[in-house]
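Some notes on the structure that comes next.
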Amino acid sequence: MTNPNVVVSDTQSAIAMAITAAVNNSPLFPPSPSYNITLFSRNKFPKSIETSTPAGVGKNVAWVDAMRASSPTRNSSENNEEKKNWIMKHPSALCMFEDIMSAAKMKQVVIFLDYDGTLSPIVQNPDQAYMAPEMREAVKNVAKYFPTAIVSGRCRSKVYNFVRLSELYYAGSHGMDIKGPSSRKHQKGNKNVLCQPAKEFLPMMTEVYEILMEKTKGITGANVENNKFCLSVHFRCVEEQSWGDLADRVKSVLKDYPKLLLTQGRKVLEIRPTVKWDKGNAIEFLLESLGYANLKDVLPIYIGDDRTDEDAFRVLNKRGQGFGILVSKTPKETEAIYSLQEPFEVMYFLQRLVTWKRLIMRNH
């Protein structure tokens, strides 16, 4: 039965036919379908708007520019050569599936997944970012064979309510709230998988959330989400001419809270504690908790679509172990090795991963 709340991509059926045709004609996956690409430089995303912007009147302009930069348009006049170069640098993980699996032979694969934009489509209302039933089944099957974690900016309990798979590890609030499954068959190390490095900030986050709710209620479309150890001010439904006003209001609140940091993602401003902890730290913690931190025969795969996932990609690159996969139709400068266009392709990649594992097991 179809879930009326699930948002299905308009291009899903076309991609499905393309993939099916490819599989029927080749043992490997062909290049991804062509699509409009905007090459977008990450240097337009300051690490912290507050700390990277000059003082004075120009600061508000920089805020709006950063907000606009975090939401690039899908249509582009970039030349085809530039598009091809990006795809060559970050080829489709479906095209390169056989190569990825070749690197995974005789190794323990560990799967890390972002949620919004990776397992679920990006939607206007963040409270309606439901997974498709087929995606949930794909994630469930992956977790049968590989340690699997959801690493999200969302509150851990919210992500769990969307996913509802008790066998997964969940890292909410950009990894500041980590908990493992009750049954940990993959566990090798410490069984008490629970990490909250910013616990002392909880009263402050609650206080700031209430102030932001009051400050932003006059801006149509603004949505403040309490993700426990971080706060998200969504402006996806806010008219662009009001972005400056919204930025000013958020800035006026944070002025009194120097221990909080402002960053931005896809049409969202995020407030976090100034704790040196991000999604990269989260996957390092999980690998250590699983007993895989110092093993060479481990292959972590991290799939995500947002700027915050770059921290995880960087950790994998620094370790020289595993692969980062960026989910985006809009190519950006990224630390990821491979790419996928949308959640439907993520689902297909996970299904292929399960099929590969089952074939290995059958042959042994």
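The values are calculated or read from the model by the stated rules, or taken from the named source; none is laboratory data. Bear in mind the structure is a predicted one, so any value in this text is a computation, not a measurement. Ligands, DNA and RNA are excluded from the accessible area calculation, which covers all protein heavy atoms including side chains. Shrake-Rupley method; radii C 1.70, N 1.55, O 1.52, S 1.80 Å.
Against the empirical 2.2 N^0.38 Å (N residues), segment 121-184 has a Cα radius of gyration ratio of 1.09.
For D127, the accessible area of its heavy atoms, probed at 1.4 Å with every protein chain present, is near 90 square angstrom. Overall size of segment 252-318 from C-alpha positions, given as principal axis extents largest first: 50, 22, 17 Å. Taken per residue, the accessible surface of segment 93-181 reaches 33 Å², heavy atoms only and a 1.4 Å probe. The convex hull built on the alpha-carbon positions of segment 246-364 has an orientation-averaged projected area of 9.8 nm².
By how many nm would the segment from K259 to E239 grow when fully extended, if each residue of separation counts as 0.36 nm and the alpha-carbon distance is taken off?
Values: separation 20, 0.36 × 20 = 7.20 nm, distance 2.98 nm.
Full extension of this stretch gives 4.2 nm more.
Across segment 163-170, coupling constants 3J(HN,Hα) worked out from phi with the 6.51/-1.76/1.60 Karplus curve, θ = phi - 60°, read 7, 6, 10, 6, 7, 8, 8, 10 Hz, and Gly and Pro carry x. Evaluated at q = 0.12, 0.15, 0.21, 0.24 Å⁻¹, a Debye calculation over the C-alpha positions of segment 200-290 (equal weights, vacuum) places log10 I(q)/I(0) at -0.40, -0.58, -1.00, -1.22. For the pairs K84/K144; K144/K332; K158/K267; K255/K276; K158/K259, flag any whose C-alpha to C-alpha distance is greater than 31 Å. From the list (K84/K144; K144/K332; K158/K267; K255/K276; K158/K259), the Cα-Cα distance tops 31 Å for K84/K144; K144/K332.
Using the Kirkwood formula on the Cα atoms of segment 307-349, what hydrodynamic radius do you get, in angstrom to one decimal? List each step's numbers first, then the result.
Values: mean 1/r = 0.0933 Å⁻¹.
In segment 307-349 this quantity evaluates to 10.7 Å.
The heavy atoms of C95 present about 20 square angstrom of accessible area, all protein chains included, probe 1.4 Å.
Between I360 and I211, what is 0.36 nm times their sequence separation minus the Cα-Cα distance? Round to one decimal in nm. Don't skip to the answer; put the middle values down first.
Numbers: separation 149, 0.36 × 149 = 53.64 nm, distance 5.46 nm.
Gain in length upon complete extension: 48.2 nm.
Subtracting the Cα-Cα distance of R314 and E81 from 0.36 nm times their residue separation leaves 81.2 nm of extension gain.
Just the number, please: percent antiparallel of the DSSP beta bridges in segment 208-341, rounded to the nearest 5.
Details: 14 of 21 bridges.
For segment 208-341, the DSSP antiparallel bridge percentage is about 65.
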